[in-house]
Amino acid sequence: MTLATRELDGALPGMTDASEPPRITVLQNSPDVPLGLLAATLGDGVRVVRLDLGEPVPGVDAVGGGLVVLGGQMSAYDDDAAPWLPAVRSLLVDAVRANVPALGICLGAQLLAVATGGTVVVGAPPGREAGVIDVRWRDAAAADPVLGPVLGAPLPPGPTPSSVVTRAVSMHADAVSALPPDAVWLAWSRQYPYQAFRVGSALGVQFHPEAGKSITLGWAREHDDVDAVALDAALTEHAPELAQLVITLGRAFASQVDAHATA
């Protein structure tokens, strides 16, 4: 089974059942925003908790060595529609305090920002950022344990992080408007400034490394303001770069989890 065909498969070899202690816990907020392509990069011992199906948010002592919080169709403040969100925000704070490696993707990044003192704008004025975008890096990204490998750090003499452009899938209308006080700003795009940031042991990325073509086009078809045909063409054109992003980022996060577990 190839990386491209694995994104919607819920029975991957690395998944663990509820009777086994997890190595990495993944929180899924919406049925159409799964772990996707990241599942093939994180290794064994991954447990997906389906919050959208009523499974409870675990405590920080039960997540294992690492935590991933996926995206979703709700906002970071939408506690009425998703009553588990306060517990997710609390868990992210606890993970940072306990130095547990965490990765928040899209909504997950927004929840991390809100939980640690930042703010999110719902329906941000620049409008929906959809498609294959250029992620541009700040100098601090080269030293990041997860994003440094994405840049190819250490960089050779001459190039700087700001000269590296990485293409990634984006699909969001809400956006982080102010970073938490202790956050390190790591990446930006032309439409939205906060594409990646770190708060201690937790990394937030606004883009979607986990989303392959079938997932991304499924999202696009739900929005009248997204040109699904053009998006399909862009996904095909940039497929090798997008695959490299998810492989490198996923493996780097898994390495951070394992290094923390053995420290």
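The values are calculated or read from the model by the stated rules, or taken from the named source; none is laboratory data. If you're wondering where the values come from, they're calculated on a predicted model, not measured in any experiment. FYI the Cβ positions are ideal-geometry reconstructions off the backbone, even for glycines, and counts take in every protein chain you see. Protein only, heavy atoms only, side chains kept; ligands, DNA and RNA dropped before computing areas. Shrake-Rupley method; radii C 1.70, N 1.55, O 1.52, S 1.80 Å.
General observations
- Subset tally (residues that are open to solvent by 10 Å² or more (accessible area, probe 1.4 Å) and over 23 Å from V60 (Cβ atoms)) for region 193-207: 2
- Selection status of T236, open to solvent by 20 Å² or more (accessible area, probe 1.4 Å), of a type outside the set (F, W, Y) and either in contact (Cβ under 8 Å) with a residue 24 or more places away in the chain or closer than 16 Å to E129 by Cα (or both): no
- Residue within region 200-211 that is under 18 Å from L70 (Cβ atoms), out of contact with any strand residue (DSSP E or B) (no Cβ under 7 Å at 6 or more places or on another chain) and at pLDDT 95 or above present: no
- When region 73-97 is filtered for residues that are in contact with an Asp or Glu (Cβ under 8 Å, 6 or more places away or on another chain), closer than 21 Å to P180 by Cα and in contact (Cβ under 8 Å) with a residue 12 or more places away in the chain, the ones remaining, listed by number, are S75, A76, L85.
- Within region 135-155, considering residues that are of a type in the set (G, A, S) and in a helix (DSSP H, G or I), the one surrounded by the fewest Cβ atoms within 10 Å (Cβ to Cβ): A143
- Test set (1) at pLDDT 95 or above; (2) crowded, with 19+ Cβ neighbours inside 10 Å - P161 fails condition number: (1)
- Output for region 104-129, where each listed residue is buried (at least 24 other Cβ atoms within 10 Å of the Cβ) and in contact with a Pro (Cβ under 9 Å, 6 or more places away or on another chain): I105, L112, A113, A115
- Residue match in region 221-230 (condition: under 27 Å from L42 (Cβ atoms) and touching a strand residue (DSSP E or B) at 6+ places or on another chain (Cβ under 8 Å)): no
- Looking at V57, V48, V93, V68, just one residue is part of a strand (DSSP E or B), open to solvent by 10 Å² or more (accessible area, probe 1.4 Å) and either under 21 Å from L203 (Cβ atoms) or not charged (D, E, K, R) (or both), and that residue is V48.
- Residues (β-branched (V, I, T) and within 16 Å of the chain's Cα centre (by Cα)) located in region 76-95: V88
- Apart from one condition, H223 fits all of (1) more than 25 Å from A113 (Cβ to Cβ); (2) open to solvent by 30 Å² or more (accessible area, probe 1.4 Å); the exception is (1).
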